[in-house]
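Novice: Here's a structure for you.
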Amino acid sequence: MSKKILVVKSSPNGANSHSNKLVDLLVSKFKDATVVTRDVSKGLPLVTSNMIAGFYSDPSTHNDVIKNELKVPNEVVQEFLNADVYVIGVPMYNFGIPAALKSWIDLVVRAGVTFGFSGPGQYQGLVHGKKAYLVLATGGAPIGSDYDLASSYLKQILGFMGISDVEVHGVAGTNIPDVVEKVTKKAELEIEALTV
Ligand SMILES: Cc1cc2nc3c(=O)[nH]c(=O)nc-3n(C[C@H](O)[C@H](O)[C@H](O)COP(=O)(O)O)c2cc1C
């Protein structure tokens, strides 16, 4: 059966972005897949008090303001649930993820939808049977090192929702002129060699 891929791009650099280019390369490996792309660098709403009220109440009680503010969050979370595979492009910003990607996470990690409670203070992921690929680009910080709070955070939050099958790929050193070509080629070869 053909897979449904949700591609999440978060670099504002469009076609010049290292993470976007590697994401495209990885996605091209999937044959006959249905691909939906969410470029979060174009902007998503930040969580509002009306959204919070809506997240934690019965939809039949929502007034028009709440309904309106929940439109994008509902679309984003539905898009997330519809996918079998996630390919997430991650430019490292200040050792973590860009704010745009965090705004997407704040809409996707939703009580009763992508995670639930199994007891007081105990959580359980509600998203099962999915796989995620993280595709990082860093100016210099090594991927998987102690500096890399981006992939460690994303693995943690995906795992929280039940997604533990997470592969990390990418390029480290895009801001180092002497190595950028070599490390980019290495990342491309690594992705080209993947069996998806
Ligand atoms: C605001 C900002 C913060 C950054 N912070 C880091 C950082 O903490 N560590 C690092 O290695 N590179 C950092 N960089 C460099 C980017 O990770 C690098 O340019 C990367 O290639 C960006 O991804 P992109 O090419 O997909 O846009 C930063 C770049 C920007 C614009």
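The values are calculated or read from the model by the stated rules, or taken from the named source; none is laboratory data. No experiment lies behind these values; they were computed from the predicted model shown. When we count neighbours, we look across all protein chains shown, and the Cβ atoms used for this are built from the backbone with ideal geometry, even at glycine. We work out accessible area using only protein heavy atoms, side chains counted, and drop any ligands, DNA or RNA first. Shrake-Rupley method; radii C 1.70, N 1.55, O 1.52, S 1.80 Å.
Novice: Which percent, nearest 5, of DSSP beta bridges in segment 4-192 are antiparallel?
Specialist: Among the beta bridges of segment 4-192, antiparallel pairing accounts for roughly 15 percent.
Novice: For the chain, what number results from the quotient of the Cα radius of gyration and 2.2 N^0.38 Å?
Specialist: Working it through for the chain, the quotient is 1.07.
Novice: Find the accessible area per residue for the chain; the probe is 1.4 Å, ligands and nucleic acids are left out, and the unit is Å². Intermediate results must be reported in sequence, preceding the final value.
Specialist: On the way: 10250 Å² over 196 residues.
Computed with neighbouring chains in place, this is 52 Å² per residue.
Novice: For the chain, what relative contact order do you get, as a whole percent, if you take Cα pairs closer than 8 Å and at least 6 residues apart?
Specialist: Values: 338 pairs, mean separation 46.2, N = 196.
For the chain, the relative contact order is 24 percent.
Novice: Now, a different point. Name the long-range amide H neighbours of residue 48: under 5 Å, sequence gap of 5 or more, or other chain; modelled H, no Pro or chain starts.
Specialist: Amide H to amide H, under 5 Å and 5 or more residues apart or across chains, residue 48 pairs with nothing.
Novice: Now, a different point. What residues qualify as long-range amide H neighbours of residue 90, i.e. H under 5 Å apart, gap of 5 or more or another chain, H built at 1.01 Å from N?
Specialist: 135, 136, 137
Novice: Going by average Cβ neighbours within 10 Å, how do the peptides 58-65, 41-48 rank, with the highest at the top? Please report the intermediate quantities before stating the final value.
Specialist: Numbers: 58-65: 9.5, 41-48: 14.2.
Result, highest mean first: 41-48, 58-65.
Novice: So what J values fall out for segment 18-32 if you push phi through Karplus, 6.51 cos²θ - 1.76 cosθ + 1.60 with θ = phi - 60°, rounded to Hz, Gly and Pro as x?
Specialist: 5, 5, 4, 5, 6, 4, 4, 5, 5, 5, 5, 6, 7, 9, 6
Novice: Computing the accessible area with a 1.4 Å probe over protein heavy atoms, can you report the carbon and sulfur percentage for segment 4-192?
Specialist: On the way: 5050 of 9590 Å².
On segment 4-192, the fraction of accessible area on carbon and sulfur atoms equals 53 percent.
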